[in-house]
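We did not get these values from a lab; they are worked out from the coordinates using the rules stated. Bear in mind the structure is a predicted one, so any value in this text is a computation, not a measurement. Here the Cβ positions follow ideal geometry from the backbone for every residue, glycine too, while neighbour counts run over all protein chains shown.
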Amino acid sequence: MARYLIRELDKIKKKILSLGALVEERVRMTSAAVDNRDVAIAQKIIDTDWEIDEMEVEVEEECLKILALHQPVAVDLRFIVTVIKINNDLERIGDQAVNIAERVLTISKRPEMDFVFDYLPMAEKAEAMLKMSLDALVNVDVDLAFKVITLDDEVDALKTLAYDRIKAAIKMNPERVGYLINLMLISRHLERLADHATNIAEEVIYLIEGEIVRHGKY
Amino acid sequence: MDFAFNRNATTENKGAAEEKTFSVGTDTGSTTIKPPPQQSEVPETVGNPFLETDPRMTCRNVNVYYGDKHAIREVSLDIGRNEVISMIGPSGCGKSTFLRCFNRMNDTIDGCRVTGSIYLDDVNIYDKSVDVVPLRAQVGMVFQKPNPFPKSIFDNIAYGPRIHGLVRNKAETDALVETSLVKAGLWEEVKDRLDHPGTGLSGGQQQRLCIARTIAVGPEVILMDEPCSALDPIATGKIEDLIHELRQQYSIVIVTHSMQQASRVSQRTAYFHLGDLIEVGDTPQVFTTPRHPLTQDYITGRFG
């Protein structure tokens with residue numbers, strides 16, 4: 001019976017990791033779309049979000065099945081709970097990618113402004129955080145997970161910087177306020193995306209340590 | 001795409017091992033017991049087997065031998081008031097043997113020897129002056145198979161109080177039979193047929209009759225050795241509800257093979273392995289973040 005449970009857990013592991021890989025790919029596409037104002041990539045992100053949604057439901061159903069049929073305890077219980085939460089975070093990251101893609105579509109329809117804020121470093125940082133949090137899960141690496149949590153502050157700082165820059169730009173170009181608000185929303189979405197990566201890292205810490213480190217309790 | 005997943009217990013284990021203040025090593029006790037050289041060292045119990053406030057029973061360095069076989073090794077454990085403590089572990093780990101020490105049921109087994117001390121309140125129950133008959137009223141036992149006496153329901157309950165001299169007349173006996181059956185949650189089902197044989201009840205009812213019989217002699221501690229393993233889920237649910245209620249008044253020690261049952265009914269859980277007490281902790285902790293790898297392997301079904 002335990003061997004059967006282990007097989008089922010392995011299946012879930014594979015599923016959540018392929019979902020992770022899929023979402024990572026979307027975030028990479030998002031960086032490219034933002035950096036190059038690439039409408040084609042942005043459209044592709046929007047059009048394929050259903051794949052993530054579908055996989056999310058699948059993972060959740062598998063987890064519910066194991067909870068009902070096997071009543072796992074200890075590390076197995078923590079694993080299932082962690083997967084349910086990471087699953088949710090990954091799906092939300094996919095949604096943020098769609099949000100950003102929509103902003104890109106809106107912005108690209110309007111005449112481009114002179115340099116206001118370069119999002120590439122922020123997007124790359126968020127992307128790196130997601131990759132690190134998933135690596136922490138794969139390699140059961142607590143230290144790496146803690147690193148993700150500290151990186152979140154850097155992304156938050158970048159968001160504040162973007163806010164200040166765009167506020168100044170709005171003052172100078174009040175006629176372009178719509179364009180600029182859309183630009184600012186990108187920073188908001190990127191920051192949320194990084195928050196979800198942080199959540200994943202915190203969940204990995206719970207899985208390994210059995211201790212909940214959310215809400216600054218580390 | 002697959003990853004090696006850490007099957008060991010939580011990493012906090014390392015820190016916990018350091019803060020432990022109690023050692024159950026064989027070298028700390030008296031030198032009268034010399035284990036054979038090939039015998040492994042007794043491991044330290046993970047978690048805290050002791051209670052800070054006023055335990056009902058205290059066991060210290062308990063060893064049980066069946067002839068040459070060392071069945072329980074240096075086990076120390078407190079049993080609290082108004083608590084249910086469950087003892088889990090694979091077959092042959094000694095949990096039932098240890099349970100039977102609590103009311104000296106092991107005395108009846110030839111070649112069985114118990115060392116160490118077990119106190120019920122302030123009395124060492126292994127002291128020569130202790131009479132086991134009243135002891136077994138104070139520390140009652142419910143067995144795996146319901147074993148009512150081949151007598152009426154009424155007499156099943158009344159027998160104990162009569163021989164222990166707890167009742168003086170018919171009125172007192174009637175009252176005690178009723179309260180015992182009420183406490184065991186059986187009164188409503190049997191009040192109209194108290195003269196029927198106890199053996200005619202269903203399995204679950206028989207088990208509650210046995211619990212009522214135990215309650216009737218005024219115990220402080222109730223020992224249960226797999227009380228539900230012969231019962232269906234509905235009867236099991238009733239017994240488990242009953243255990244929760246009885247805790248208000250008694251200390252309960254339950255041995256069970258059902259880990260779900262241990263997690264449902266108990267406040268503390270003790271895990272035994274090959275005669276050693278491996279880990280003790282609050283039940284939620286043991287079932288979410290066990291600290292010893294053996295505990296984790298057993299409760300997740302990865303044993304052996």
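Would you mind stating whether B:PRO227 is surrounded by 16 or more Cβ atoms within 10 Å (Cβ to Cβ), within 11 Å of chain A (Cβ to nearest Cβ) and assigned to a loop (DSSP other than H, G, I, E, B)? Criteria not met by B:PRO227.
Within region A:1-16, residues that are facing chain B (nearest Cβ under 8 Å) and over 22 Å from A:LYS131 (Cβ atoms) reach no partner that is of a type in the set (Ser, Thr, Tyr) and surrounded by fewer than 13 Cβ atoms within 10 Å (Cβ to Cβ) with beta carbons closer than 9 Å at six or more positions or on different chains.
The residues of region A:202-216 that are without any contact (Cβ under 8 Å) to a residue 40 or more places away in the chain and within 12 Å of chain B (Cβ to nearest Cβ), listed by number, are A:GLU211, A:ILE212. Here the condition is being in contact (Cβ under 8 Å) with a residue 24 or more places away in the chain and within 14 Å of another protein chain (Cβ to nearest Cβ); of A:ALA97, A:ALA136, A:ALA162, it holds for A:ALA136 alone. Is it the case, given these coordinates, that B:LEU209 is hydrophobic (A, V, I, L, M, F, W, C) and in a helix (DSSP H, G or I)? The answer is yes for B:LEU209. Of the residues making up region A:119-128, one or more are over 12 Å from the mean Cα position of the chain (by Cα), away from chain B (no Cβ under 13 Å) and not in a helix (DSSP H, G or I). Restricting region A:165-182 to residues that are without any contact (Cβ under 8 Å) to a residue 12 or more places away in the chain and not aliphatic (A, V, I, L, M) leaves a set whose member that is surrounded by the fewest Cβ atoms within 10 Å (Cβ to Cβ) is A:GLU175. Residues that are within 27 Å of B:PHE50 (Cα to Cα), in a loop (DSSP other than H, G, I, E, B) and among the aromatic types (Phe, Trp, Tyr) are absent from region B:145-152 altogether.
In region A:139-158, which residues are acidic (Asp, Glu), within 13 Å of chain B (Cβ to nearest Cβ) and under 16 Å from the mean Cα position of the chain (by Cα)? Within region A:139-158, no residue meets the criteria. Scanning region A:24-48 for residues that are surrounded by 15 or more Cβ atoms within 10 Å (Cβ to Cβ) and either within 14 Å of another protein chain (Cβ to nearest Cβ) or outside any helix (DSSP H, G or I) (or both) returns A:GLU24, A:ASP38, A:THR48. The residues of region B:189-205 include none that are more than 20 Å from B:LEU231 (Cα to Cα) and in a helix (DSSP H, G or I). In summary, B:GLY301 fulfils each of the numbered conditions (1) free of Cβ contacts under 8 Å to residues at least 40 places away in the same chain; (2) under 19 Å from the mean Cα position of the chain (by Cα); (3) not in a helix (DSSP H, G or I) with the single exception of condition (2).
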